Every structure is written in C-alpha cells, then in structure tokens.
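The values are calculated or read from the model by the stated rules, or taken from the named source; none is laboratory data. The model shown is predicted, which means the values in this text are computed figures rather than measured ones. Cβ placement follows ideal geometry from the backbone for every residue including glycine, while neighbour counts extend to all protein chains displayed.
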Amino acid sequence: MLTKTAGRISAAMAGALLFTGLATSTAISISATPAFAASYTNYLNAGSQLNPGDSLWSPNHLYMLTQQADGNLVLYSEPGNKPFWASNTSGHGGSVTQFQGDGNLVVYAPGHIAIWASGSSGHPNSVLFMQNDANVVIRAPGNIPVWATNAQNVAGCTDGSRSQAAQYAAAGQFYDAVPQVNWTEQHFVSGPNGGAWDTFTYKVELRYDPATRCAWAVFNGTGTAKVYIDRSSDGGQTWTGWMGTQGPSVSTYTGAFNDSYPYVIRACASADNIYCTGWF
C-alpha cells in the first residue's frame, strides 16, 4: 500500500490494463490536483505527442488523459479527480507520450527510451480519441478500433462486499485516497489495584481501487471502534451514513462500495467520538 501520491496495483492487473505494452512498474503515481482546462481537444493525430502537463479531454469534459511530469500517463475523471487507468511509468520525469505514425502509442523516457507501448503498430494514419464513455481508443482508418484502455465509469464491486475489499487489499490494488485520520482517547482501565487511565490510539483510512472505482474504510487501533462508510451523490452536502458498519474491533474494515461518479465517499470510525476522513 502506498500514499495518495503513489498508489499500487498488482502485476496481473497491470498486464490486463496495458495489453501488449512493454515491461512496466507496478506503481501508479497520482497527481494530487490535475488541472482541467476550459479549452481542450479530445484527439491526437499520428505524429503528435503529449509533453509533461499536456492533456486530452473528452467532449463532455468529464474525463482527462494527462502526461504527468513524473512520466506517468494517467486517465482521470474530472468529478473528484479520480484516476482509473495508468501506464504505470512514474519515476521517469520528463517523459513524453508519442502517437507514432505507425499507430503505436509509446511513452518515451529522456534519451528516447521506450518504457510503455500500446502495441498497436501496423496501423498507419490512425487517430487516438478520448471518448465520452471514459475510454481512450486508437482507431485505424475506417473507424476500426485497434487498442483501448477499456476504462469505464462503472464500479466493478458489489456494494458492501468485504470479500472484494479483502481481494483488492491482498493484491495491493489500492492507494490511500485522502489523508488518514489519527487520534487518541483516554479510557479508564480496571485492574487489581483499582485501575488507571490509559491512552488508546485510533486510525481510520479510506482506500480506493482506481481499476474498479471502489472504496472501503479500514480501522486500526489499540482501542476498539466501529468503522463505516458515508456516501454522497452531491459532493458531500447530504449523504447516506453508517454504510457497511463493522466492529467494534481493534482492527477491521468495511466492504467495498461504488465510488464512481457521481458518488464521493469518506471513511468514518466511532469510539467515544466520531472521526471521518475527507471526501473522495
């Protein structure tokens, strides 16, 4: 598990995402606040490239494919700036993504070293599109699709499934969407000499899997608490609370919940007091 600025997916998942690409890292580096411009284009012609900071936007302005400064090519949804596809090429600052004349989309590190490719060569005069359905597609002449991210704005989990949350966690298929919340509480502990006050620690975090667009809450502490999910469809103005409640326990987690647009989710834990993460 990594922090918000560097998430993680399994090697098998990376292969599924990248089709016939070159060897990749398993790290997904996520820009904290990708910028969505007022003017945009949704396609690349053969021979064009994305330099660090350049982006393509879907015509409905809901999705963005951006070449990050760290070398990672990442597909974001605009609402919530949530990533759900990446080339996994972070750690190569200054890289560019070239859409070659042969139809191949390639991420080149400085020195013209290829570190990822779509594997779609052999299709000259193709065009790459950032579509309204969240998919990035390379289309050969005749509008024939020859490669796609296969990304969708559809959650891949069943609301409340703890088995899916455990599966994503075991595969390292998540990152911390927002900063975790830590706190302490004082409790009186009875003992043979009457007992004493002791300090207990608590931590709640929100984990997010960009491939499935699902999130879940995790709690750990030396004291017990209940952990649950709040979910909103209006940016946190109103929400459905106490979803997937687990505990009280010193270590537990909720099931996975759909966190795709228009939803935002936060993780909460309840001991003597209630603490929640930010919305994501």
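Table: residues versus (1) surrounded by fewer than 21 Cβ atoms within 10 Å (Cβ to Cβ); (2) in the same structural domain as Ile265 (by TED's automatic domain parsing); (3) under 14 Å from Ala151 (Cβ atoms); (4) within 24 Å of the chain's Cα centre (by Cα).
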{"position": "Tyr40", "(1), (2), (3), (4)": "yes, no, no, yes"}
{"position": "Gly53", "(1), (2), (3), (4)": "yes, no, no, yes"}
{"position": "Leu62", "(1), (2), (3), (4)": "yes, no, yes, yes"}
{"position": "Gln67", "(1), (2), (3), (4)": "no, no, no, yes"}
{"position": "Gly93", "(1), (2), (3), (4)": "yes, no, no, yes"}
{"position": "Ala114", "(1), (2), (3), (4)": "yes, no, no, no"}
{"position": "Asn125", "(1), (2), (3), (4)": "yes, no, no, no"}
{"position": "Gln131", "(1), (2), (3), (4)": "yes, no, yes, yes"}
Among the residues in the stretch 158-168, are any loosely packed, with under 13 Cβ neighbours inside 10 Å, more than 23 Å from Ser55 (Cα to Cα) and either of a type in the set (Ser, Thr, Tyr) or modelled with pLDDT of 95 or more (or both)?
yes
Name the residue, out of Pro192, Pro145, that is within 30 Å of Gln100 (Cα to Cα), surrounded by fewer than 14 Cβ atoms within 10 Å (Cβ to Cβ), without any contact (Cβ under 8 Å) to a residue 60 or more places away in the chain and not acidic (Asp, Glu).
Pro145
Scanning the stretch 137-155 residue by residue, the ones that are hydrophobic (A, V, I, L, M, F, W, C), at pLDDT below 95 and in contact with a Ser or Thr (Cβ under 7 Å, 6 or more places away or on another chain) total 2
Residues that are at positive phi, crowded, with 23+ Cβ neighbours inside 10 Å and assigned by TED's automatic domain parsing to the domain that holds Ala166: does the stretch 202-219 have at least one?
yes
Looking at this structure, is Asp272 part of a strand (DSSP E or B), surrounded by fewer than 15 Cβ atoms within 10 Å (Cβ to Cβ), at pLDDT below 95 and charged (D, E, K, R)?
no
Would you be able to tell me the number of residues in the stretch 226-246 that are under 16 Å from Pro262 (Cβ atoms), assigned to a strand (DSSP E or B), free of Cβ contacts under 8 Å to residues at least 40 places away in the same chain and hydroxyl-bearing (Ser, Thr, Tyr)?
1
Residue among Tyr175, Tyr168 that is assigned to a strand (DSSP E or B) and in the same structural domain as Leu206 (by TED's automatic domain parsing):
Tyr175
Of all residues in the stretch 254-266 being out of contact with any helix residue (DSSP H, G or I) (no Cβ under 6 Å at 6 or more places or on another chain) and farther than 14 Å from Ser77 by Cα, which is surrounded by the fewest Cβ atoms within 10 Å (Cβ to Cβ)?
Asn258
Quick check on Trp197: is it at pLDDT 85 or above and either touching a Cys at 6+ places or on another chain (Cβ under 7 Å) or under 20 Å from Gly241 (Cβ atoms) (or both)?
no
